[in-house]
1. Of everything in the stretch 117-133, what is surrounded by fewer than 23 Cβ atoms within 10 Å (Cβ to Cβ) and either aliphatic (A, V, I, L, M) or not assigned by TED's automatic domain parsing to the domain that holds LEU24 (or both)? Give them in sequence order.
2. Given the condition within 21 Å of GLY369 (Cβ to Cβ) and at pLDDT 95 or above, answer yes or no: does some residue in the stretch 303-311 qualify?
3. Can you list the helices (runs of 4 or more DSSP H) lying wholly within the stretch 293-399 that have 3 or more residues being within 12 Å of the ligand (Cβ to nearest atom)?
4. For ARG280, all conditions in the list (1) part of a loop (DSSP other than H, G, I, E, B); (2) within 12 Å of the ligand (Cβ to nearest atom) hold save one; what is the number of the exception?
5. Return the residues of the stretch 228-243 that are crowded, with 17+ Cβ neighbours inside 10 Å, free of Cβ contacts under 8 Å to residues at least 60 places away in the same chain and not aliphatic (A, V, I, L, M); say none if nothing qualifies.
6. Would you mind stating whether ALA275 is within 16 Å of the ligand (Cβ to nearest atom), aliphatic (A, V, I, L, M) and touching a strand residue (DSSP E or B) at 6+ places or on another chain (Cβ under 6 Å)?
7. Applying the selection to the stretch 137-153, what residues are of a type in the set (Val, Ile, Thr) and assigned to a helix (DSSP H, G or I)?
8. May I ask you to say which residue of ARG29, ARG36, ARG61 is of a type in the set (Lys, Arg) and free of Cβ contacts under 8 Å to residues at least 40 places away in the same chain?
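The values are calculated or read from the model by the stated rules, or taken from the named source; none is laboratory data. All values derive from a computational prediction rather than experimental measurement. Heads up, the Cβs are rebuilt from the backbone with ideal geometry, glycines too, and the neighbour counts pull from every protein chain shown.
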Amino acid sequence: MPLERVRILLGVCGGIAAYKAAELVRRLRDAGADVRVVMTENAMRFVGATTFQALSGNPVRSSLWDESAEAAMGHIELARWAEQILIAPASADFMARVVHGRANDLLSTLVLATAAPVSIAPAMNQQMWANTATQDNVSLLRNRGIRVIPPASGSQACGEVGEGRMPEAEALVSALADSCAPRVLDGIRVMVSAGPTYEDIDPVRFIGNRSSGRMGFAVAIAAAQAGAKVTLVSGPVSLPTPPGVERVNVRSARQMRDAVLRISVDSDIFISAAAVGDYRVQASSAIKLKKTGAPLVLELVQNPDILAEVAASQEPPFLVGFAAETNDVERYARDKLERKNLDMIAANQVGPELGFEGSENALLLLWQGGSEDLGRGDKKMLARTLIERVATRYRLKAEKGFKA
Ligand code: CTP
């Protein structure tokens, strides 16, 4: 079955097409999915929760403030439970709220809190669908990696004819089955490093960098969704542990090196997305440094190059590096690919709104004898494509018996 045991959270918004969502639940279950339904307040004006409860075999949720439901499965737990989120029908208002990152009801909160791929099937009056505001929102959602399944055309409940009908249940089930990440790394052991490293100056001060860890975390999520067994070695970041991923927290470059070298022997692929600090303070102070009135000189010594050390190990895993550059991206990245003996490098330009702190990135993939520009996009979406390309090149290398 195409959706065998896939955990799908179906969000139902207020609109006449809400009645079609009942049929959709049946079809999703027929396809093997485990379905939980979340309704907006307005959806409940169109169809009763009991219908969805009976069809899904699970309790239906609609409010953030339902104490007994929260006690059974809190909303963050529910967001983690979902492997796929499908909003069908999605109203114009709901899309606008997602665009603005609102979390003013349970369903919008779940969309914001989930790491799972989100698909949206809008359904509304054809004039509302054609409105520039709605179309702009659709573009924004797509650019952020949310899949918008276009509405069908035909006669509408309001008596008008045009685009805006929710596609039939069968079409939605097959669209969802397509978007379920192909398990291109099924059973493969993948280690991902992410985030910055901190090098202590004294007990209260450190040298760090602006890496948020988001790209590495997105890569770990995409690898797990592709079926890999993922270990994430993370520097200090404020990101939640992705579902199904084993996380090892480290602080300094040397701690990261120790963790990476230890896990590397049991890894098939290592994706080094961490922004490792190249230097550390030679002698960090055990007590807080005091002002003296004189200039303070810190002697910095170079940190180990973790990736290069893994590359030099006896049986290195398939190695993917990252190169964050402000200029001459391709030239520097190709140089790193060769110098560090990597299988692949993902190069990105860092600058305003790109790279470290934002949710967007632009990646250029390079390998021996080839390259592919993945362009600019949402980090989650880029991570999914990166994982697909890594899987392809990993398999090619495995077929050649890992001879370079
Ligand atoms: N990296 C590493 N250990 C370090 C520094 C970097 O493992 N001490 C890894 C990063 O995780 C990344 C890749 O090496 O995958 C490239 O990082 P970057 O700092 O850009 O490379 P450097 O070789 O340090 O190049 P530069 O000359 O630009 O400092």
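1. Listed by number, the residues that qualify are MET128, ALA130, ALA133.
2. So the first thing to find is which residues in the stretch 303-311 are within 21 Å of GLY369 (Cβ to Cβ), and the list is 307, 311.
Still in the list and also at pLDDT 95 or above: 307, 311.
Checked against the condition, which is being within 21 Å of GLY369 (Cβ to Cβ) and at pLDDT 95 or above, the stretch 303-311 yields at least one hit.
3. Values: elements: 306-311, 329-339, 379-399.
Where helices (runs of 4 or more DSSP H) fall fully within the stretch 293-399 and carry at least 3 residues being within 12 Å of the ligand (Cβ to nearest atom), they are 306-311, 329-339.
4. Here ARG280 clears every test but (1).
5. Those that are crowded, with 17+ Cβ neighbours inside 10 Å, free of Cβ contacts under 8 Å to residues at least 60 places away in the same chain and not aliphatic (A, V, I, L, M): LYS229, THR231, SER234, GLY235.
6. Details: within 16 Å of the ligand (Cβ to nearest atom): yes; aliphatic (A, V, I, L, M): yes; touching a strand residue (DSSP E or B) at 6+ places or on another chain (Cβ under 6 Å): yes.
Judged against the criteria, ALA275 is a match.
7. Initially, the stretch 137-153 is screened for residues of a type in the set (Val, Ile, Thr), giving 138, 146, 148-149.
Within the stretch 137-153, VAL138 is the sole residue that qualifies.
8. On the way: ARG36 fails: free of Cβ contacts under 8 Å to residues at least 40 places away in the same chain; ARG61 fails: free of Cβ contacts under 8 Å to residues at least 40 places away in the same chain.
None of the others qualify; the one that does is ARG29.
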